[in-house]
Amino acid sequence: MTSFARVPISENPVRAKLHQGRACVGTWHTLCSPVVCEVLAAIGWDWVVVDAQHSPVGFETMVDCFRAIQLGGSVPMARVPWNDTIWIQRTLDAGALGLVVPMVNSVADAEFAIANCRYATRGIRSYTSGRTGLYAAAEGEYTDWANANVAVIPMIETVEAVKNAEAILGVEGVDGCFIGPRDLALSMGITPRETGPGREHEAMMQSVLAAGKKVGTAVGKHCFSAEEVNERIGQGFQFLALSSDQVFMTSEGRAQFGKVMR
């Protein structure tokens, strides 16, 4: 009987791009819909992050979102709610090929996140091949493939983390970092209106970029327009998120509604 075959995954292209020094652009999924994920992925993003921190997505829905992202042709990733063993390991078992881990403020925080993403003897991840094992083109043990391909992206989003950025980015196993600009502003005690070129907030983000370049680790951030993505790529940022599905839907909906005669 003829059937559709599973496509074997030889390597995680997101992790490969980051280590090659190339830009890697994706978007954020917050609408808790596998169908939306499939549509997003088919646009051509390198990756789609399912936001399990700041959206109401349930665990079983998140699994279906990963399936849809993979079917659409992007790399399924997730932002876990916290730097937590249970969330990290269960989300990887569910099929995420990379994790964005919030509020990583120190070397110890980074090492903890990495340990939970790696099987022994490189970490403490409990064994299962999970969903990803069905697709991994592993020549040897699945554990070796997973250790080499799961991307670990700590978030730099506090003043403390910025101060420790070079040390965090120098930790073995960190594939890149992701600056959360709004949480960083909160940590600084300022509002988004007090950010932008020439401001201390921008200087802090640039200092993280400089730290990444010094130690050879990719730096990324959340961007709010295509123009900003292009600007940040020119500056040397690599792991870049452009907006989110909710913003895309809302902005286009408002724009079209505003043209309606009523």
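Quick note: the coordinates plus some simple rules give every number you see, no bench work behind them. Keep in mind the model is a prediction, meaning the values are calculated, not measured. Neighbour counts run over all protein chains shown; Cβ positions are idealised from the backbone, glycine included.
The helix-only estimate of mean residue ellipticity at 222 nm for the chain, built from DSSP H runs of length n ≥ 4 each weighted as -39500 (n - 2.57), is -13000 deg cm²/dmol after division by the residue total.
Summing charges over neighbours of PRO154, with a neighbour being any other residue whose Cβ is under 12 Å away from its Cβ, gives -3 when K and R count +1 and D and E count -1.
Which value results for Rg/Rh of segment 152-230 when Rg is the Cα radius of gyration and Rh the Kirkwood radius based on the inverse mean 1/r? Write out the running numbers ahead of the final one.
Working: Rg = 12.1 Å, Rh = 12.6 Å.
So for segment 152-230, dividing Rg by the Kirkwood Rh gives 0.96.
When you count the other C-beta atoms within 10 angstrom of each residue and take the mean per peptide, 91-104, 70-83, 108-121 line up highest first as 91-104, 70-83, 108-121. In summary, the lysines within cross-link reach of LYS163, defined as a Cα separation below 28 angstrom excluding same-chain residues under 8 places away, comprise LYS17, LYS213, LYS214, LYS221. Of the residues GLN256, PRO102, ILE179, the one whose Cα sits farthest toward the positive end of the charge dipole of the chain, with +1 on the Cβ of Lys and Arg and -1 on the Cβ of Asp and Glu, is GLN256. Count Lys and Arg as plus one, Asp and Glu as minus one, and take only other residues whose Cβ is under 12 Å from that of ILE124; the net charge is then +2. Applying 1/(1 + (r/R0)^6) with R0 = 30 Å to the Cβ-Cβ distance of GLN20 and SER225 gives a FRET efficiency near 0.70. Taking 0.36 nm per residue of sequence separation and removing the Cα-Cα distance, the GLU200/ILE86 pair yields an extension gain of 37.4 nm.
Each Lys and Arg contributes +1 and each Asp and Glu -1, all at the Cβ; summed about the Cα centre of segment 15-131, the dipole is approximately 380 debye.
Grab the beta carbon distance between ARG6 and SER126, set R0 = 25 Å, and tell me the FRET efficiency rounded to 0.05. All intermediate terms of the calculation are to be shown ahead of the outcome.
Working: r = 24 Å, r/R0 = 0.98.
Computed FRET efficiency for ARG6 and SER126: 0.55.
Which whole-number percent is the relative contact order of segment 214-262 (Cα, under 8 Å, 6+ apart)? Answer for segment 214-262 is 35 percent.
Positive contributions from Lys and Arg (+1) and negative ones from Asp and Glu (-1), summed over other residues with Cβ under 14 Å from the Cβ of ALA137, come out at -3. Label-to-label distance, VAL159 versus GLU139, with points set 7 angstrom from Cα along the beta-carbon direction: 5.1 nm. A Gaussian network model of the chain, with springs between Cα atoms under 10 Å, assigns the largest mean-square fluctuation among MET188, MET204, MET249 to MET249. Taking the Cα centre of the chain as reference, the dipole from Cβ charges on Lys and Arg (+1) and Asp and Glu (-1) amounts to some 380 debye.
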